[in-house]
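Visitor: Below: one structure in structure tokens.
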Amino acid sequence: MELFAPFTGTLFLPDKEFLRGGTPVLLPDGRPVAGIRWHTWTQRFEITDPAGSVVAECRTEGIVRRRFRVATPDRRPVLDLLPGVWRPFNSAEVTVGGARPLTIRQLSIWSDRQFEFLAPDGLPVGRILPTTGTFTMRPDSYAFEITRPYLSALEAIAVAQTLRLVARTQRAAASA
């Protein structure tokens, strides 16, 4: 599977297991298409191909208001996400591939685990739904259903993983 090509279908992104540094990204038939290497303390991650080579990495910028940028090793932009100040998801500024805007809509005010994504024409591109319960050891396991070829698989993985980082940051701030 070509990670940079437009994609439609479902990607499964299991949540990080305790003391594991990475997780796979899977197709519905269980085949791995990519992997995610987590750097929990630094709010960074890398996306790898199935062989383990890094194809993109996330760097955060800012102290008070974090910006999440995902780029390939040769610095081609994959995702730029700036969470909103009061509503981190619904008012986020998101650009994929360096030029294409993407709108995030949180589907539930009670959950930071359900999202819909819209292209500039207002039509849905896809949605993220949880695959586990809220009160489990791995609450941020997602299925990303992509219904239009607006995103590449790599961009979709970057969106889902970045939203996980934002949600975890919000939860940590709320519990502090």
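Visitor: Hey, could you check region 4-24 for residues that are at pLDDT 95 or above and among the β-branched types (Val, Ile, Thr) and say which is nearest to residue 160 (Cα to Cα)?
Guide: 10
Visitor: Which of (1) within 23 Å of residue 35 (Cα to Cα); (2) modelled with pLDDT under 90; (3) open to solvent by 40 Å² or more (accessible area, probe 1.4 Å) does residue 139 not meet, given it meets every other one?
Guide: (3)
Visitor: Would you be able to say whether some residue in region 93-101 is at pLDDT below 90 and touching a strand residue (DSSP E or B) at 6+ places or on another chain (Cβ under 9 Å)?
Guide: Yes: region 93-101 contains one or more residues that are at pLDDT below 90 and touching a strand residue (DSSP E or B) at 6+ places or on another chain (Cβ under 9 Å).
To keep it simple, each residue is scored yes or no on (1) open to solvent by 30 Å² or more (accessible area, probe 1.4 Å); (2) farther than 21 Å from residue 95 by Cβ; (3) out of contact with any helix residue (DSSP H, G or I) (no Cβ under 9 Å at 6 or more places or on another chain); (4) of a type in the set (Phe, Trp, Tyr).
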{"residue": "35", "(1), (2), (3), (4)": "no, yes, yes, no"}
{"residue": "39", "(1), (2), (3), (4)": "yes, yes, yes, no"}
{"residue": "47", "(1), (2), (3), (4)": "no, no, no, no"}
{"residue": "55", "(1), (2), (3), (4)": "no, no, no, no"}
{"residue": "62", "(1), (2), (3), (4)": "yes, no, yes, no"}
{"residue": "68", "(1), (2), (3), (4)": "no, no, no, yes"}
{"residue": "80", "(1), (2), (3), (4)": "yes, no, yes, no"}
{"residue": "83", "(1), (2), (3), (4)": "no, no, no, no"}
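Visitor: Pairs needed: first member in region 63-75, outside any strand (DSSP E or B); second member anywhere, open to solvent by 90 Å² or more (accessible area, probe 1.4 Å); C-beta distance under 8 Å; at least 6 residues apart or different chains.
Guide: Listed by first residue and then by second, the contacts come to 65/85.
Visitor: While we're on this one: Kindly list the number of the only condition in (1) open to solvent by 60 Å² or more (accessible area, probe 1.4 Å); (2) touching a helix residue (DSSP H, G or I) at 6+ places or on another chain (Cβ under 7 Å) that fails for residue 29.
Guide: Among (1) open to solvent by 60 Å² or more (accessible area, probe 1.4 Å); (2) touching a helix residue (DSSP H, G or I) at 6+ places or on another chain (Cβ under 7 Å), the lone unmet condition for residue 29 is (2).
Visitor: Tell me, yes or no, whether region 77-87 has at least one residue that is of a type in the set (Phe, Trp, Tyr) and within 19 Å of residue 151 (Cα to Cα).
Guide: No, the conditions are met nowhere in region 77-87.
The values are calculated or read from the model by the stated rules, or taken from the named source; none is laboratory data. Computed from a predicted structure; not experimentally measured. Don't worry about glycine lacking a Cβ; one is built from the backbone with ideal geometry, like all the others, and counts go over all protein chains shown. Quick note on the areas: whole protein, heavy atoms, side chains included, nothing else; ligands and nucleic acids left out. Shrake-Rupley method; radii C 1.70, N 1.55, O 1.52, S 1.80 Å.
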